[in-house]
Structure formats: C-alpha cells, structure tokens
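Bear in mind that the values in this text are calculations on the coordinates, not laboratory data. Owing to the predicted nature of the structure, the values given are computational and were not obtained by experimental measurement. Backbone-built Cβ (ideal geometry, glycine too); neighbour counts: all protein chains shown.
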Amino acid sequence: MTSLATLAASAKLSRVGTRPPLLKYLRDFYQRRAFAFTMARYSLQAATTKSSLGAAWHVVVPALQIGVYGVIFGVLFSSLRPPHFVPYLMVGIVLFQYITGCFTEGARAITSNGSLVRSLDFPRILLPVSAVVSNALRVVPLIGLMLIGLVLSGELPSLGWTWLIPDFVLMTMFAAGATMISARLTVHTEDVNQLLPFVVRILFYLSGVFWNIDKMIHIAVLKPILHYNPIHLYMAIARAGLIQGYTVTAMDWIVAAAWAVAILVLGTLFFWQAEEKYGRNV
Amino acid sequence: MSSNQPLSNDIGAELPEEQRLKPPVFLEPGKTPVVVVDDVHLKYRVFASGKKVTRVNSRVKRKGRLREIHALQGVSMVAYEGDSIGVIGTNGSGKSTLMKAISGILPIDAGAVWASSRPSFLGVGAAMIKQLSGEKNVILGGLAVGMSRSEIKAKFDHIVDFAGIRDFIDLPMETYSSGMVERLKFSIAAAREHDILIIDEALAVGDQDFRRRSEARMRELASGAGCVFLVSHSMKSILDTCNRAIWLDKGIVKMDGPAIDVCRAYAAAQGAPLDD
C-alpha cells in the first residue's frame, strides 16, 4: 500500500471509478429513472419540431409499409396470405417495428451520446432504457390507430383485446434486454451497426410478420424453433387476442414470459459489466 | 511517485524513479482529505487516421493503427476540506482528463482515486437539447445532474433568476447567446449541493456581474465540508476563487501550492508575468 493509499484509508475515503455492485446500480437507476423518461420525451419533441409533418411521420411510415406489404402479399403472392390478412399484417408490422426499432435505434444509445457520457455521472443503463421509452412513446398512439384499423377491417373488440397489455409488457422487457446488449456491443465495435439491418431483415422473414410461419415451414426440426422465436410469440399472442380465428397455447405464454425475463436479466448483467468503461470507448 | 517514497513537503527531497522530475505531493497535515489521487496514469487509445506525425512526441506511441496517448503520467495530489483548487496548464496538458479521472467518468489505467463522496462534474451542457425551451432544459439539466423533480420545481425560479434569463425562458435554447447558455448551465449545476464539484472552463464567459455572483457561489460550495476544482485559463478567475492551484504540464504535476505562487510561476513560464 502506498502512503497516499494509507492516507485515503485513514480518512475513510472510498475508491472512485469502480463499478458499483449490481443492487446499488439498480437502485441508482431507479432513483434516476425520471431522467431517462424526460430525455426520451424531450428528444422526441425536439426531433419532430423541424419536420413539416412532425410527429405524424411516426404513423405515416408504418402505414406506408402496411400498404406496400399489403399489395405485395395480398395481391401478388395471394396464395401465401393467412386468413384475415389485413389485420394480421397490421399487427405484425406495428409490433415487429416496435421490437426491432428499440434495439436498432438503442444500439447507438451510448455511442451517439458520447459527450453526455463523458461529462456527467449517472448509471449508463439510463441511455438504452431511454431509447426503449422513446420507442414505446411512439408506438402507443400507433397501436391505438392499429386498433381502429382492426375495427374498420371487421374485427370486433372483445375481452381478448386486453391480452395486448401483458403482451406489450413482455415484449418491452424483451426489447429492453436486447437493447442493452446491442448498446454495449456497439460500444466495443461500431461494426455492429452495419450488421443489425441484416439481423432485422432475417427476423422479418422468420418471425411471420406477413405470413403464417407455422404453416409455411415443413421442416420438423425448424418448426418449434421458429414458433418459439420470441418476436413470433409476441405477435402470435397479440393476434390470438385481437383477430378472430387465431389461438395460442398456455405454453406460448409461458415461453414468451420466459424470454422476456431471461433477455432482460441477461441484458442488464451484460450492460452493467462494462459500466466503468463506457466513458472511455466513445 | 514510487510506492515507497516518503510523503514530504521538502521540495526536491527525493527524486522519483522516472526521468521527469515530479514535485512531492503537497500535503497539509491536520486538515481532512476529501480527494486523494495516487499516481494516476491514463492512456487514450485512438485509431490513427491521416498522415503520421513527423515530429516525435513522447506521449504518443503507435501500435499499428492504434495510437496510444499517455495523457496522465503518474499524477498524485491530495485535496482537503474547504479547498478550492485551480487547475492550470496549456491546452492538452491533461487538465480535463485529470478532472474526468477524479470524477470517475474516465477509467484510469494505473493508480487510484479516493474521495469522500462521488465528485460531480459541472458538465450539464451535454444533456441539454437546443431545440427546446429554456424551461424544459432546466428540467432536463436538473434531472441530469441528479436533482429530483420536486427539487427542480422548488429551485426553478432561483435557477432562472441566477442565470438572468427570465425574459427568454420560453424561447428555444438555440436562440440564446453563448453567454446566456453558459450562464444557464452554471446556474443549473450550481443549484444542487455538491460535496466535491469540478468546474471545467465554465466562468470564462458571462458578464462581470454574473462572474462575480458565480464566483461567490463557488466559494459558498467550497466553504462547507466540500471542495471545488476549477479548470481555467483565466488567472484572474483562479486568484479570485481559489486558495490553491495545480499546474499540469504534459501529463504530470509541475507545481502544486498556494494559488498566487503557482499562478505567478505559470504566468512567467508563459511569458506573460502577472501584474499584481
């Protein structure tokens, strides 16, 4: 021990720049949560003040996508389309965009906030969380419009519609965990940002956004893997609640919840482990 | 300093093992230490792009395309209760890096920093969003420095008046002059009680009146059980607010002691002696 270390110890000073223990870290995060929420809300406001359509773009873009895929798969490849195609597609696009939007935008949560990370001290996990909150704030009005769209295309509100609430909570937990993982990976190497679009593209085709993955794939080994893919499950649960003729099993719910908890816990631990290094790598 | 070197105030009592001379750590026995910095090294690793620097720089080492900059090369110091310490040195001497190492924002490569509580960096500017109104930025900045919503609400009027921007509080911050932005930043960060506060070039802007008030607030913050670090190129600011100063040069402490002595030596080395 150096003589300065002895001096520090005798004055009961504590070491700076070490990673806080997990529980303290989570407590700090909880105390500072208002920062993440306010930052999400304000940056959303700031981003839309300059464009002429403003916040409307958050609705126009998915509506255009529903239009494009509706024409391609509803008219051109009509043999592939599942029953109640328009509601099926609306639920698929809106929820898929939400989940993948979180971890693609959130991947830059640390790297694009470099000056913030380098000048203020707060649990860094607030940044990916803020990215998820910002996506959630954007998707809630969109889900409202989606429900109106469902009614217009002939679906009737039922008790099953309430399934959307726990389902939304589960997919948000999953998305938050995935965002923490992508945010840390991007700090280590920016190349992740180049690869993420491919990951999203693959998930897009494999999660049954616009076709019924259970009926499309006939390879026995792949069937359960694709079925229990978390993104597919969250969409399947929403469809079972919202659209007539679709069902899910209790097992689907259990696996969906297990994914949500597992990825959230894993993502939090993974993100926390590099906490003291985020200032350096951006 | 090496690990077995005795603590001493006698200048030149013992030479450190490195080739470059480091003065012994400035100690004031009897006072309570709040920050102890022990032989801190910090290296930046950056990807080199562009042409190789032809002049040999001792602080830059190349490892393939990864270039290493040894920004802090064994800095030791002790800050005591009630200290307000000016940090001076030329651009790139490691002042801001040392402050970020002390606050724990940048991880250090060797050595250690101890503190009585986590030092807070007055760097609220990075959290602000210029498209939004001053009012929203007070809320966002307040949350960023760790105030609660109710605390911000209670101090809102005080912050706005201290910054002197009441007439413009509902306008987007991008319409503010740079002086107004700096005043707002200081007012937000200084509204909170900090035990250990680090201020990096905040008071250079702002008019005479604001400068006087902000310096008074800094003295107030240092007067309790706390301590304030002020990084500045203005010798006047440092002499007005600080009792002590540290002169950093190329990543090591060149001089540490009473503000007037250190400022005088630094100004003389810069070729612009202080006119008292």
Go ahead and collect, in residue order, the members of segment B:98-122 whose backbone nitrogen is under 17 Å from a label point 7 Å along the Cα-Cβ direction of A:Arg19. B:104-109
For each of A:Thr186, A:Thr179, A:Thr2, count neighbouring Cβ atoms within 10 Å of the residue's Cβ, then give the residues from fewest to most. A:Thr2, A:Thr186, A:Thr179
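Can you classify segment A:204-268 as rounded, prolate or oblate using the Cα gyration tensor, where a ≥ b ≥ c are the square roots of its eigenvalues, rounded means a/c under 1.5, and otherwise it's prolate if a/b beats b/c and oblate if not? Don't skip to the answer; put the middle values down first.
Details: a/c = 1.85, a/b = 1.31, b/c = 1.41.
In terms of gyration-tensor shape, oblate.
Distance cut-off 26 Å, Cα to Cα: go down the list A:Lys12/B:Lys153; B:Lys100/B:Lys236; B:Lys155/B:Lys185 and report the pairs above it. Walk me through the numbers before you get to the answer.
On the way: A:Lys12/B:Lys153 35 Å; B:Lys100/B:Lys236 24 Å; B:Lys155/B:Lys185 14 Å.
Distance filter (> 26 Å) returns A:Lys12/B:Lys153.
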Based on the Cβ-Cβ distance of B:Ser234 and A:Val151, what FRET efficiency does E = 1/(1 + (r/R0)^6) give at R0 = 60 Å, to the nearest 0.05? 0.35
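Pairs of Cα atoms under 8 Å, at least six residues apart: use those to get the relative contact order of chain A, whole percent.
27 percent.
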Cut-off under 5 Å, modelled amide H: who pairs with B:Arg67 long-range: B:Val46, B:Phe47, B:Ala48
Given backbone amide H placed at 1.01 Å from N, residues whose amide H is under 5 Å from that of B:Lys254, ignoring those fewer than 5 places away on the same chain, are B:Trp247, B:Leu248, B:Asp249
Which FRET efficiency value, to the nearest 0.05, is calculated for A:Val68 and B:Asn91 with the Förster distance at 56 angstrom and r the Cβ-Cβ distance? 0.55
In nm, spacing of pseudo-spin labels at A:Leu137 and B:Asp209 (7 Å Cα→C-beta vector): 3.6
Could you give the semi-axes, largest first, of the ellipsoid that matches chain A, computed as the square roots of 5 times the alpha carbon gyration tensor eigenvalues and rounded to whole Å? 40, 21, 17
FRET efficiency for B:Asp249 and A:Gln45 from the Cβ-Cβ distance with R0 = 56 Å, rounded to 0.05, comes out at 0.75
Starting from the amide H of B:Phe229, placed 1.01 Å from N in the peptide plane, find each other amide H under 5 Å away whose residue is 5 or more places distant or on another chain. B:Ile85, B:Leu197, B:Ile198, B:Ile199
When the convex hull of the C-alpha atoms of segment A:1-76 is computed, what volume per residue in Å³ does it have? 224
Where a label projected 7 Å from the Cα of A:Phe77 along Cα→Cβ would reach, residues of segment A:210-232 with amide N under 14 Å: A:210-217
At least 15 Å along the helix axis (C-alpha) and Kyte average at least 0.5, DSSP helices within chain A: A:57-71, A:85-105, A:126-152, A:164-188, A:192-206, A:230-242, A:250-272
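In which sequence would A:Thr189, A:Thr111 go, from the one with the fewest C-beta neighbours within 10 Å to the one with the most?
A:Thr189, A:Thr111
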On each of the three principal axes of the Cα atoms of segment A:31-114, give max minus min coordinate, whole Å, ordered largest first. 51, 30, 21
Which order do the peptides B:158-169, A:163-174 take when ranked by the mean count of other beta-carbon atoms within 10 Å per residue, highest first? A:163-174, B:158-169
All-pairs alpha carbon distance profile, the protein assembly as shown, 20 Å steps from 0, percent: 19, 44, 27, 10, 1
